[in-house]
Amino acid sequence: MANLNGGTSDLRTTFLGVYSTLKSELLNDPAFEWNDGSRQWVDRMLDYNVPGGKLNRGLSVIDSYKLLKEGKDLTDDEVFLASALGWCIEWLQAYFLVLDDIMDNSHTRRGQPCWFKVPKVGMIAINDGIILRNHIPRILKNHFRQKPYYVDLLDLFNEVEFQTASGQMIDLITTIEGEKDLSKYSLPLHRRIVQYKTAYYSFYLPVACALIMAGESLEEHPTVKDVLIDMGIYFQVQDDYLDCFGEPEMIGKIGTDIEDFKCSWLVVKALELCNEEQKKTLFDNYGKEDPANVAKIKVLYNDLNLQGVFAEYESKMYEKITSSIEANPSKSVQAVLKSFLGKIYKRHK
């Protein structure tokens, strides 16, 4: 196993090595009678959907666990277990994305066709999503069944999955086709969607996994969840901002929130700040595919100085989150939270 007390590339290599181990266990799961066809299908499906992203969520379980251990070198076993939990989050993410892409009828994901768009896959992708979701308890059973915190892990993943699916639901029912109504959009709605759909699994879950593995009880860290949810919301607001104002070369994609009638932080702020005439412009042009309509929205965003409004929001959130972190009695928990904040503050992609 690579020396983990080195740099990030070591960590990534080790992490990917754990993926191979977990995958081969799943492809030989004794609960199912495998044949070549089924094993090849799942093998290809996993490689296509699980390890392709930035792996931030998974890697941050290991980072967080190291910080909670206050600089002590981790044993190979600890590295393996923290990586396995990280991969459970990546599996959860893959499961959501495979199904999400079908719901949104998306075309590409991570620079390649969405899984359901791959020839011969089609709607089999729905069942693949269910398989991905079911791999999580298999991994947990294989490696954590004897641990005193096994039930806490199962509980945590079940809870977060429920919150994420419920967030996805409010997002979907808000934008039902043919019922496009901007007046439904507000900051509280935006916050709720983001909190449930993104913040729990992307920000809270990795830290909660590390805390449980370090023998901590989540009940004894009630403020940690709140700080991480705030970070998740701040992260999504940055995302909404970059979708419109980011450089496509930097963020790796061309934003489509305006065309897609998304409940974006920008449109919610615009609704709050605009006069009657500007409001009419918003209602007439938001959610239309035509580049001319999109351009009118962008001009309006500039007229309302949303870039300045965002800069002010960013510094306020940074202060709020920092003071919440510094109020935490545990120095090692503070270090975990600060490391998360450091990764996202003032990012450009």
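The values are calculated or read from the model by the stated rules, or taken from the named source; none is laboratory data. Small disclaimer: the values here were computed from a predicted structure and weren't measured. When we count neighbours, we look across all protein chains shown, and the Cβ atoms used for this are built from the backbone with ideal geometry, even at glycine. For the accessible areas, the whole protein counts, side chains as well, though only heavy atoms, and no ligand, DNA or RNA atoms are used. Shrake-Rupley method; radii C 1.70, N 1.55, O 1.52, S 1.80 Å.
Brief remarks on what is shown
- Crossing angle, helix 124-144 versus the chain [Cα axis fit, 0-90 degrees, rounded to tens]: 50
- Approximating the spin labels as points 7 Å out from Cα along Cα→Cβ, the Glu319-to-Phe32 distance works out to 5.4 nm.
- Segment 148-348, accessible surface, carbon-and-sulfur percent (1.4 angstrom probe): 54
- Other-chain or far-sequence residues with amide H under 5 Å of Ser106's (modelled H): none
- Two-site label geometry, Glu219 and Glu159: point separation in nm, points 7 Å out along Cα→Cβ: 1.1
- Rounded Å value of the spacing that divides the Cα centres of segment 23-89 and segment 271-326: 39
- With the convex hull of its Cα atoms as the shape, the chain has an orientation-averaged projected area of 18.6 nm².
- The heavy atoms of Met169 present about 100 square angstrom of accessible area, all protein chains included, probe 1.4 Å.
- Over the chain, Cα pairs under 8 Å with separation of 6+ residues give a relative contact order of 16 percent.
- Acute angle (nearest 10 degrees) that the helix 150-174 long axis makes with the longest principal axis of the chain, alpha-carbon atoms: 20
- If you plug the beta carbon distance of Lys298 and Asn275 into 1/(1 + (r/R0)^6) with R0 = 22 Å, you get a FRET efficiency near 0.75.
- The slack in the chain from Glu259 to Lys69, taken as 0.36 nm per residue of separation less the alpha-carbon distance, amounts to 63.8 nm.
- Model label points for Arg347 and Asn105, set 7 angstrom from Cα along the Cα-to-Cβ axis, are 3.1 nm apart.
- Calculated mean residue ellipticity, 222 nm, the chain: -22000 deg cm²/dmol, from DSSP H runs (n ≥ 4) at -39500 (n - 2.57) each, averaged per residue and rounded to 500.
- Nearest-ten-degree value, helix 56-68 long axis tilted from longest Cα axis of the chain: 60
- Relative contact order [Cα under 8 Å, 6+ residues apart], segment 13-146, whole percent: 26
- Alpha carbon convex hull of segment 13-146, volume per residue in cubic angstrom: 114
- When the C-alpha to C-alpha distance is required to be over 30 Å, the pairs from Lys120/Lys147; Lys141/Lys320; Lys117/Lys338; Lys54/Lys225; Lys269/Lys331; Lys66/Lys320 that qualify are Lys120/Lys147; Lys141/Lys320; Lys117/Lys338; Lys269/Lys331.
- Efficiency of FRET from Cβ geometry, Asp226 and Asp77, R₀ 41 Å, rounded to 0.05: 0.80
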